[in-house]
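Below is one structure; the comments refer to it alone.
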Amino acid sequence: MDYTQLNTSQRQEMLATIGIQSIDELFNVIPAEIRCEKGLDLMPALSELELQRALAEMASHNHGAHDMPCFMGCGAYDHFYPALIDQLISRGEFLTSYTPYQAEASQGSLQAFFEFQTQIARLTGLDIANASLYDGATAVAEAALLATNTTRRKEVLVASTMHPEYIAVLRTVLSDVNIAITLLEATDGTISPATVALNMSDAVAGVIVQSPNIWGQIEDWDGCFAEAHKVPKTAGISVFNPIACGMLKTPGSCGADIAVAEGQPLGNALNLGGPYLGLLAAKESYTRKMPGRLVGMTKDEDGRRVFCLTLQTREQHIRGAKATSNVCTNQGLMAMRASMFMTTLGSDGIKEMATQSWHKAHYLANEIVKLEGWKLTHGGPFFNEFTVTCPCDVTKVVDFCKSNGVLPGVAAAGRRMQGLSSGNELIIAVTEKRTKHEMDALVALLQEVSA
Amino acid sequence: MTTLKTMKKQSRGDKPTEPLVFEKHVAGAIGVDFPPLDVSETKVPEEVAGGCTTLPSFGQHDVMAHYTHLSDRNFSVDGNFYPLGSCTMKHNPRINEWGAALPGFACLHPLQDEEEIQGALRLLYETRTMLEEIAGLHEVSLQPAAGAHGEFTALKVIRAYFADHGQTNRTVVLAADTAHGTNPASCTMCGASVETVRTVNGQTDLSHLKEVIARIGGGNISAFMITNPSTAGLFDSNIQEIADIVHEVGAKLYLDGANMNALLGRVRPGDFGADAMHYNTHKTFSTPHGGGGPGSGPIAVTEELAPYLPVPQVMMADDGSFYLDREREKSIGKVRSFIGQFGVLVRCWAYISACGPNGLRNVSETAVLNANYLAARLCEKYPMPFFDPKNGKFCAHEFVTVPQNLLDKGVTLIDITKRMIDYGVHPPTMHWPMHDCLMVEPTETESKQALDSFVDVMLQIADEISSEIELVQQSPLESDIARADEVAAARKPILAFK
Ligand SMILES: Cc1ncc(COP(=O)(O)O)c(C=O)c1O
C-alpha cells in the first residue's frame, strides 16, 4: 500500500479543477530523455501482513541482547529502561511532529526539550545543553569545533584512550578545516596530567578526555583540565557516560568547560547502533557559539511562561556558511526518550543504576581474576566496564561464549575497533541488568575455554 | 479590540500551564523500582565518588500525566494538516514502528559479529540496493544521520576524489541562492568556500551559472549543489544543460534530494547527470520526524566516486551472506559511530517495500497532483509567482505563494500563519525561498477532504483579512498560548531552569 487516499473520481475532479486531462501533463516539464519510462526495478509491493511476516523473518535471523546475556559495551550499553518510555514516546503528537519552529503549535515538544536541556546541564554539572546532536562521535567533533571556533586556535589534544570510533570521526571532520589532532599517549590505560602538560601550548584550543575511557578506566579529568587551563581559554572537553554521572564526579565538578557524550544509555534501545543521540553541555560563555537547536524560556503576550526555539541566528537556516554547525535535523525523539527516562528515575534512580552497575562490574572482575592466567589489563579504578587480558586467543574466548549463548564483551583487536590493540584484551561491560547467575555462568565459560 | 483580548484569555483558560518536572519533584518518590543488589558491594574510592543529585523525580502516574499533558500541546501529522514545505510531512505508517521495535532488531549491539546479525545486514543491504535503483546511481552509503550529514559526507567524498586525482584546487562549491541553509553550512564544515548562483523564476539562471564559473575558473570548482525540484517547487527543465555545464569544467553535480518525493519512479537523478545526492528518509520515505529527529541521510554516488564512500559499507558475499566492509582503501573514513541510523532504516525499508515500484510512482504523482490541486484552488486569493496552469506552468510537489495582496491590507505573514493555528492547521514554511512567501507541501497522503478543508481555512482567513482584520492580527486566539516573545528569548537566553 502506498498510503495515498484518492479514488478515481476524486482524481478526475482534481484534474478538472487544475484544468488538465491527465497527471502526465504535470510532468511535461521534465524532458522526455530523462524520464524513467521503464519503471523502477524493485520488488513488488507487500501488503501489511506480508510486511509483518518479512520483518519478523529478518528479525528472527538476528541474535543479540534479547536472547543472550550481553556484556558488550564500548559506547553502547544494554541498560534497563521502564516500559512506559516506549508507550509515551509512541504518542503520535510527539512522533509525527516536526522541529518546533511554531511555538504556538508545539509547546509540548518545546517544554520537553527545555526539560531535557536542563536535565543534561544538571547531570553534567554545567550551565547549558543543546537539544541533541546525531551521536556521541559527532558530538565530540562538534565540541572540538566549538573550542576551535571560540579560540580561533588550530590544534586539539585528544586522549588516545578515547573510543577509537570517536577518534576516527574526529579525524574525518577536522581533516579539511586545518585543525590538527595531537594524540595523547596513555600510561597504564589512562592519560597522565603530565602528558597533557608536555603537549600544551597556546595553539591548543581544547583537551579532549573520555572517562570512563575505552578500556573502562576512570581518567583524571581534574588533573588533565588543570593542565589545560594553564593556557587561558583552552577548553577542557570531557567525554562522559551519562549513567556514571549518577555516582561519579561530574564533568562540571572536574573543571570541564564542555561535556559531550553518547546519550544512548539514557533510555534508548541498542538498535544496532542507531538512532542514538549526542549530548552536548557547556559553560554559559559558549551560549552563542553552540551548535544545534536550543530551546529557551520566554513569555507569551499574555504573560504566560512559554518556550520557543532560540538563538536561531547561530543556525544554518539563518546564517548559512557562517553557521556554528550544519546540523538541522537532530535526534529529537531520542532526546525526549532520554528526558522521559531521567524524569522517571530522577537522580536517585540513576544513582541506583550506576551503583548496581559498579558493584556488579567489580564482582565480575574479582571473580575473573581468580581464574588461572586471567588478569585485569590496567590497574586504575573503573566504573561499569573493565578490560581483562585473556590467557588464550581472545577470538576463541568470544566464539566459545557465544556458542554457549553469552555475549562476553568486545575484543579490543581487529578492524572493528579501528586497530585499538593486537593483543588478547577483552572489554567487558556490566550493567544493572546482569544478574549474579549470568556473571557466574560467564566466569565458568571463561574458565572452561582457557583450561 | 478589548473584547477580542478578553476572548483570547477565556478560550485558553481551561488549559493551565504545565509545570516543569523540576517543579513537581517529590523527595523520595520515584517512577520505577529496582531489584535488590544480588552481589557483594565494592567500596567506591573517594577520589572518584560524586554524582548529580539534582534531577527531580515523582511517582509513575504523574510521569504519565506530565507527558500526556505535553503531548496535548503539540500539532502533529497524526492530528493536523501539516503542509510544511520542503519537509514532506507525510503519514507515518505504524507497521514501520512495529518492525523497528522487534527485539530481533532493537536489541542488537552494534559491535556484534556479522554471523549473529544476518537478518539486519540483509535489511541494510536491500535498503542500499533499493536506494541505488531509485537514484539511478552506482552505490549508496547508509552512514549519514540526516540530510545535512549526507551533504557533508558527499562533499567529503567529492573532495577526496579530486585530491586523489591531483585536483586540490577545487575548493569552491556553487549553490543556488534559494538553497537550504545546510548546503552552504556543509561546505564550511568541509573547508570549501561557497559561491552563490542566482535563480530566475525558481530555476537556475544559466547565464549566471556560466558567469560564476568563468569568474572563479572551472578548475577551482568541485561541485554545484542543486535542489531539484527547486525549493520553489519547480522542476528545473534545464537540468541536463546544467549538468553539462558543470561536467564540462570537470566539476560534479550534487543533488540535494530533499524533494525526491516529486521524482520517485518518474525521474532518476543519475539519469539527469547527478554525480552524488542525499536522501532524507524522514521526508521521502516516511520515517517519522519525531519533533526534530531522528532522520537519516543516505547518499548515492556514481561509480567513480564510490571508492571514497565512508566505512563501513554493507556488502553481500558470493555465498549470499552479508558482511560489513571496513577496509576501503580510499574511503574518507568514518562519519559517525557504528553503522548508521539502523532503526530509521528499518522503517525506510518497510515503507519502500510497502509501496513497491508502482506505489512509489503513484506517491510522486499524487504528491504533485495534490499540490497542483491546492494551488489551483488557492491561486486567486493567494498569488503564486510561478504557477500559471493556463499557460502550462505547474508546480511539482509543493508551491510558493507571496500573498502581497493580503499583506497590503495590513497583516504580516506571521499574522496569517498564526491564524492558521487557530484553525488547527500547522503553518507552512515561511520566508523561504523568498521573502514574505509561504511554501506549501501537502504530500500524497492527504485525502481530498483534508485538502478541501485546508482551502476553506485559507479562503476564510483571506476573507477575515477583509472583514475582521483584528482576528488575524491578534491570532492565535484559540491555541494553548498567545504569541511567544521570541525576541526576548534571544536577547536574554534562558536555556535551563534554575
Ligand atoms: C532542501 C533541503 N535541504 C537539506 C535539508 C537538511 O536535511 P536534514 O534536516 O535532514 O539535515 C532540508 C531539510 O531540512 C531541506 O529542506
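The values are calculated or read from the model by the stated rules, or taken from the named source; none is laboratory data. Worth saying up front: this structure is predicted, and the values here are computed from it rather than measured. Note: ideal-geometry Cβ built from the backbone for every residue, glycine included; neighbour counts use all protein chains shown. These area figures cover heavy atoms from the full protein model, side chains too; ligands, DNA and RNA do not enter into them. Shrake-Rupley method; radii C 1.70, N 1.55, O 1.52, S 1.80 Å.
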Unique match (being touching a residue at least 40 places away in the same chain (Cβ under 8 Å) and either more than 7 Å from chain B (Cβ to nearest Cβ) or within 16 Å of the ligand (Cβ to nearest atom) (or both)) among A:S347, A:S339: A:S339
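How many of the residues in segment B:234-259 are under 16 Å from B:F394 (Cβ atoms) and either surrounded by fewer than 24 Cβ atoms within 10 Å (Cβ to Cβ) or more than 11 Å from the ligand (Cβ to nearest atom) (or both)? Lay out the reasoning, then the answer.
Here is the first cut: in segment B:234-259, the residues under 16 Å from B:F394 (Cβ atoms) are B:234-237, B:259.
With either surrounded by fewer than 24 Cβ atoms within 10 Å (Cβ to Cβ) or more than 11 Å from the ligand (Cβ to nearest atom) (or both) added as a condition, the list becomes B:234-237.
Looking only at that region, the number is 4.
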Scan segment A:365-386 and tell me whether some residue there is at the interface with chain B (Cβ under 7 Å from one of its Cβ atoms) and either of a type in the set (A, V, I, L, M, F, W, C) or outside any loop (DSSP other than H, G, I, E, B) (or both). no
Long-range neighbours under 8 Å by Cβ, at least six apart or interchain, first residue basic (K, R) within segment B:160-177, second loosely packed, with under 14 Cβ neighbours inside 10 Å and part of a helix (DSSP H, G or I): B:R170/B:G219
Exactly one condition in (1) exposed (fewer than 13 other Cβ atoms within 10 Å of the Cβ); (2) modelled with pLDDT of 95 or more; (3) not in a loop (DSSP other than H, G, I, E, B) is not met by B:Q10; state its number. (2)
Checked pairs for segment B:281-301, first open to solvent by less than 10 Å² (accessible area, probe 1.4 Å), second at pLDDT below 95 and within 11 Å of the ligand (Cβ to nearest atom), C-beta under 8 Å and 6 or more apart or across chains, list as none
If you take the residues in segment B:50-65 that are more than 7 Å from chain A (Cβ to nearest Cβ) and open to solvent by less than 60 Å² (accessible area, probe 1.4 Å), which one is farthest from A:E432 (Cα to Cα)? B:A65
Being in a loop (DSSP other than H, G, I, E, B) and open to solvent by less than 50 Å² (accessible area, probe 1.4 Å) is the filter here, so list the residues in segment B:66-85 that pass it. B:R73, B:F75, B:S76, B:V77, B:N80, B:Y82, B:P83, B:G85
Within segment A:41-64, is even one residue within 7 Å of chain B (Cβ to nearest Cβ) and closer than 24 Å to A:G263 by Cα? yes
Looking at segment B:154-184 only, could you name the residues that are in a helix (DSSP H, G or I), within 16 Å of the ligand (Cβ to nearest atom) and over 14 Å from B:V197 (Cβ atoms)? B:A154, B:L155, B:K156, B:T182
Considering segment B:359-368, residues that are at the interface with another protein chain (Cβ under 7 Å from one of its Cβ atoms) and of a type in the set (S, T, N, Q), and then whichever is most open to solvent (accessible area, probe 1.4 Å), we arrive at B:N362
Residues in segment B:260-301 that are touching a Leu at 6+ places or on another chain (Cβ under 9 Å), more than 7 Å from chain A (Cβ to nearest Cβ) and away from the ligand (no atom under 13 Å from the Cβ): how many? 9
State yes or no: is A:L333 facing chain B (nearest Cβ under 7 Å) and of a type outside the set (G, A, S)? yes
If you go through segment A:151-188 one residue at a time, how many are within 14 Å of another protein chain (Cβ to nearest Cβ), open to solvent by 10 Å² or more (accessible area, probe 1.4 Å) and outside any helix (DSSP H, G or I)? 8
Residue list for segment B:216-233, filter: away from the ligand (no atom under 16 Å from the Cβ) and within 12 Å of chain A (Cβ to nearest Cβ): B:S222
Could you go through segment B:333-347 and let me know if any residue there is assigned to a helix (DSSP H, G or I) and open to solvent by 20 Å² or more (accessible area, probe 1.4 Å). yes
Just one of the numbered conditions (1) under 20 Å from the mean Cα position of the chain (by Cα); (2) in contact (Cβ under 8 Å) with a residue 60 or more places away in the chain; (3) within 16 Å of the ligand (Cβ to nearest atom) is not true of A:S357; which one? (3)
So B:H109 clears everything in (1) more than 8 Å from chain A (Cβ to nearest Cβ); (2) crowded, with 23+ Cβ neighbours inside 10 Å; (3) within 28 Å of B:S337 (Cβ to Cβ) except one condition, right? Which one? (1)
Would you check if A:H362 is out of contact with any helix residue (DSSP H, G or I) (no Cβ under 6 Å at 6 or more places or on another chain), open to solvent by 10 Å² or more (accessible area, probe 1.4 Å) and under 19 Å from B:H289 (Cβ atoms)? no
When every residue in segment A:115-128 that is closer than 28 Å to B:V487 by Cβ and in a helix (DSSP H, G or I) is compared, the one most open to solvent (accessible area, probe 1.4 Å) is A:R122
Of (1) free of Cβ contacts under 8 Å to residues at least 40 places away in the same chain; (2) under 23 Å from the mean Cα position of the chain (by Cα), B:N238 satisfies every one except (2)
Given the conditions (1) part of a helix (DSSP H, G or I); (2) within 7 Å of another protein chain (Cβ to nearest Cβ), and given that A:T99 satisfies all but one, which numbered condition is not satisfied? (1)
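Sort out which residues of segment B:483-498 are at the interface with chain A (Cβ under 7 Å from one of its Cβ atoms) and either within 16 Å of A:R304 (Cα to Cα) or out of contact with any Ser or Thr (no Cβ under 9 Å at 6 or more places or on another chain) (or both), and write them in order of number.
B:R483, B:A484, B:D485, B:E486, B:A488, B:A489, B:I494, B:F497
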Having 2 or more residues that are of a type outside the set (S, T, Y) and surrounded by fewer than 18 Cβ atoms within 10 Å (Cβ to Cβ) is the bar; report the helices (runs of 4 or more DSSP H) wholly within segment B:400-472 that clear it. B:404-407, B:448-467
Picking from A:L84, A:L95, A:L88, which residue would you name as being surrounded by fewer than 24 Cβ atoms within 10 Å (Cβ to Cβ), over 21 Å from A:E315 (Cα atoms) and in contact with a Leu (Cβ under 8 Å, 6 or more places away or on another chain)? A:L95
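A quick yes/no check of all residues on (1) more than 30 Å from A:G349 (Cβ to Cβ); (2) at pLDDT below 95; (3) crowded, with 17+ Cβ neighbours inside 10 Å:
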{"residue": "A:S47", "(1), (2), (3)": "yes, no, no"}
{"residue": "A:A54", "(1), (2), (3)": "yes, no, yes"}
{"residue": "A:S60", "(1), (2), (3)": "yes, no, no"}
{"residue": "A:G64", "(1), (2), (3)": "no, no, yes"}
{"residue": "A:A76", "(1), (2), (3)": "no, no, yes"}
{"residue": "A:F113", "(1), (2), (3)": "no, no, yes"}
Just checking, how many residues over segment A:291-314 are more than 7 Å from every other protein chain (Cβ to nearest Cβ) and of a type in the set (D, E, K, R)? 1
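Residue-by-condition table, conditions (1) hydrophobic (A, V, I, L, M, F, W, C); (2) in a loop (DSSP other than H, G, I, E, B); (3) modelled with pLDDT of 95 or more:
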| residue | (1), (2), (3) |
| --- | --- |
| A:Q5 | no, yes, yes |
| A:E13 | no, no, yes |
| A:A16 | yes, no, yes |
| A:I20 | yes, yes, yes |
| A:D41 | no, yes, yes |
